Amino acid sequence: MILVTGGAGFIGANFVLDWLAQSDETVINLDALTYAGNLQNLTSLATDQRHIFVHGDIGDSALVTSLLAQHQPRAIINFAAESHVDRSILGPEDFIQTNIVGTFRLLESVRAYWKGLNGETKQDFRFLHVSTDEVYGSLAKDEPAFSETRRYEPNSPYSASKAASDHLVRAYHHTYGLPVLTTNCSNNYGPYHFPEKLIPLMIVNALASKPLPVYGDGQQIRDWLYVKDHCSAIRRVLEAGRIGEVYNIGGCNEKTNIEIVHTVCALLDELRPLSTAHSPLTTPHLALPTYRSLITYVADRPGHDRRYAIDASKIEHELGWRPTETFETGIRKTVQWYLDNQGWVSNVQSGAYRTWVEKNYQGRL
Ligand code: NAD
Ligand code: DAU
């Protein structure tokens, strides 16, 4: 079996769902259920014996040690993190605690477990650390995309904490021989994306006729990857990546933020035109020709990175991985998913998802 941390969050949940759709190998899912952890992402696995959910912190060494001893996983995929840049600017401490101290404690527990393994089990064991392109800092307009040898230059408390975690993972390989793999990925989008991040926020705000807040001039560039392509890349790195190596993962989809917002608006204009989405009695926006009218430029994010872009040639040449979705197909699926899952959105917005676990499991235990 494998141990996934942070598997109730956006990418982790997509990873667990995809893993169990393709394999019968059991997943132990360790997640602290912070505001970003949502077990409703995994309702389809509620009675699936191949999914073992454990509510807990990666920094809880006693818990992690006992989980490792009990389940003897062959691999660990570490998604658990605080992940939102704006939150890291308003309050960095949780980021230091989970992303740095938590990763350190997890590595210590894993090192002790791995040391006690023997033969092939020890040789085949892997610790895969999921990281971000933000550790490389910001690119100028004409600079080449980030390769794995790009120097680290993190600019936000979030990216600095992820950079520190990457360094710890590297050091545990270099010093102790722990068989690690690190992936640095660009911006993901897709189902179960928490609506504090750009794409889901724009979709849910537009549907509620709320302003669409674009930071600064909206000309910042991100390299967007459909989340299921990120999951397939991680599976491939786990399967065939070389120990101690770093693999950059990206979608070759550089877009400005304002282009993203325009695309979301155009898809909503097509799939949920304003005239049918709102009652003339309750909205003064009926006459709006397009969701674009909701776009509102707001003060910029402090220290805002201007451009990210990933050079994914290493993972492509070495491991034969390529994304399957184009931005056009992926964003259409994503907007449709939010339209089809309004219940999930309202539970997230009302906070009801946080009490869902108790409600669902109370009678079952
Ligand atoms: P997320 O915020 O949606 O989910 C994080 C999950 O980790 C949540 O379920 C949360 O409850 C859990 N968690 C937080 N602290 C924990 C702790 N101390 N112990 C156990 N669980 C804890 O994040 P995401 O967007 O799914 O990102 C997952 C990982 O991928 C992160 O490491 C992030 O840095 C990285 N990443 C994200 C993106 C992106 O675009 N979202 C891109 C590249 C890399
Ligand atoms: O690059 C990978 C990173 O992508 C991950 O490591 C992070 O975990 C993930 O959150 C994401 O970080 P970003 O800061 O790029 O994502 P976010 O969705 O917060 O913002 C995307 C861009 O949109 C960014 O330039 C800021 C801008 N933005 C964001 C929000 C929330 C706006 O203009 N308005 C907004 O309201």
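The values are calculated or read from the model by the stated rules, or taken from the named source; none is laboratory data. This one's a predicted model, so the numbers in the text were calculated from it and none came from an experiment. Because the Cβ atoms are built from the backbone with ideal geometry, glycine has one as well, and the counts that use them run over all protein chains shown. Side chains included, ligands, DNA and RNA excluded: accessible areas come from the protein's heavy atoms. Shrake-Rupley method; radii C 1.70, N 1.55, O 1.52, S 1.80 Å.
State yes or no: is T65 away from ligand 2 (no atom under 11 Å from the Cβ), over 22 Å from the mean Cα position of the chain (by Cα), outside any helix (DSSP H, G or I) and among the polar types (S, T, N, Q)?
Considered against the rule, which asks whether it is away from ligand 2 (no atom under 11 Å from the Cβ), over 22 Å from the mean Cα position of the chain (by Cα), outside any helix (DSSP H, G or I) and among the polar types (S, T, N, Q), T65 comes out as no.
Among the residues of the range 289-316 satisfying the criterion of being touching a strand residue (DSSP E or B) at 6+ places or on another chain (Cβ under 7 Å) and of a type in the set (G, A, S), which is most open to solvent (accessible area, probe 1.4 Å)?
In this case the residue turns out to be A312.
Select from the range 175-203 the residues that are buried (at least 17 other Cβ atoms within 10 Å of the Cβ), part of a helix (DSSP H, G or I) and more than 11 Å from ligand 2 (Cβ to nearest atom) and list them in ascending order.
If the condition is that a residue be buried (at least 17 other Cβ atoms within 10 Å of the Cβ), part of a helix (DSSP H, G or I) and more than 11 Å from ligand 2 (Cβ to nearest atom), then I203 is the only one that fits.
Looking at the range 56-65 only, could you name the residues that are more than 9 Å from ligand 1 (Cβ to nearest atom) and either open to solvent by 60 Å² or more (accessible area, probe 1.4 Å) or touching a Phe, Trp or Tyr at 6+ places or on another chain (Cβ under 8 Å) (or both)?
As a first pass, look at the range 56-65 and keep what is more than 9 Å from ligand 1 (Cβ to nearest atom): 61-65.
The answer is A62, T65.
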